[in-house]
Amino acid sequence: IADSASGSPHQVSLTGTGTESLASLSPGSLSFGNQLVGTTSAAQPVTLTNTGTATMSISSIAASADYAQTNNCGNSVLAGSSCTISVTFTPTAAGVRTGALTITDSAAGSPQTVALSGTGIAPAVRLSPGSLSFGDQLVGTSSAAQTLTLTNSGTATLNISSIAAGGDYAATNDCRGSLAAALSCTIQ
């Protein structure tokens, strides 16, 4: 303090420690692989650690699109502490599905994100030909068999619960209980 008193300037020692919260996420990305459309994957964990020296306040934790999260973080994470965020994947369509886990908090660099990826898979039925015409047939007699090919043109196993012909028609087939992707069976 500079003043007119003797001994000017006067000094007072000041000390202090700066504090801040710092967020660390592990892992930085999650890959869920193949998941049947409309079903939920096993949860995968993300650890959020406050590596700083001050309590980190959490405003929100959100997962996008085909992903969901639950966590034990509460509204804050103390300095040097961690919490766990569990992420699941429920694809709504076939194909690659990307998203992000976003944590908005008081730490430097907020919001923090974790990249999310997975692939939705689903069976798909293709019948060839699209129709069969048997022409004229004498009542009470059976026609020659015609072949219909059932192909799973999807990306997941097709589970076949039954194949039946109705009315005046009968069918036999070599289709077993399931048909892997890209495979075919025949119906006579």
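Just so you know, in region 52-67 the residues that are farther than 19 Å from Ser106 by Cα and of a type outside the set (D, E, K, R) include one that is surrounded by the most Cβ atoms within 10 Å (Cβ to Cβ), and it is Tyr67.
Residue count for region 127-171 under the criterion of being touching a residue at least 24 places away in the same chain (Cβ under 8 Å), farther than 23 Å from Ala93 by Cα and touching a strand residue (DSSP E or B) at 6+ places or on another chain (Cβ under 8 Å): the result is 4.
The condition (being among the polar types (S, T, N, Q), open to solvent by 50 Å² or more (accessible area, probe 1.4 Å) and closer than 30 Å to Cys73 by Cβ) is satisfied by just one residue among Thr90, Thr113: Thr113. Given the options Gly135, Gly154, name the one that is open to solvent by 30 Å² or more (accessible area, probe 1.4 Å), out of contact with any Asp or Glu (no Cβ under 6 Å at 6 or more places or on another chain), at pLDDT below 95 and not aromatic (Phe, Trp, Tyr). It is Gly135. Among the numbered conditions (1) in contact (Cβ under 8 Å) with a residue 60 or more places away in the chain; (2) out of contact with any Lys or Arg (no Cβ under 7 Å at 6 or more places or on another chain), the only one that Gly120 does not meet is (2). Against the conditions (1) in contact with a strand residue (DSSP E or B) (Cβ under 9 Å, 6 or more places away or on another chain); (2) closer than 29 Å to Thr157 by Cβ, Pro27 satisfies every one except (2).
The values are calculated or read from the model by the stated rules, or taken from the named source; none is laboratory data. Model, not experiment: these values are computed from the prediction. When we count neighbours, we look across all protein chains shown, and the Cβ atoms used for this are built from the backbone with ideal geometry, even at glycine. Calculation scope for accessible area: heavy atoms of the full protein, side chains included, ligands and nucleic acids excluded. Shrake-Rupley method; radii C 1.70, N 1.55, O 1.52, S 1.80 Å.
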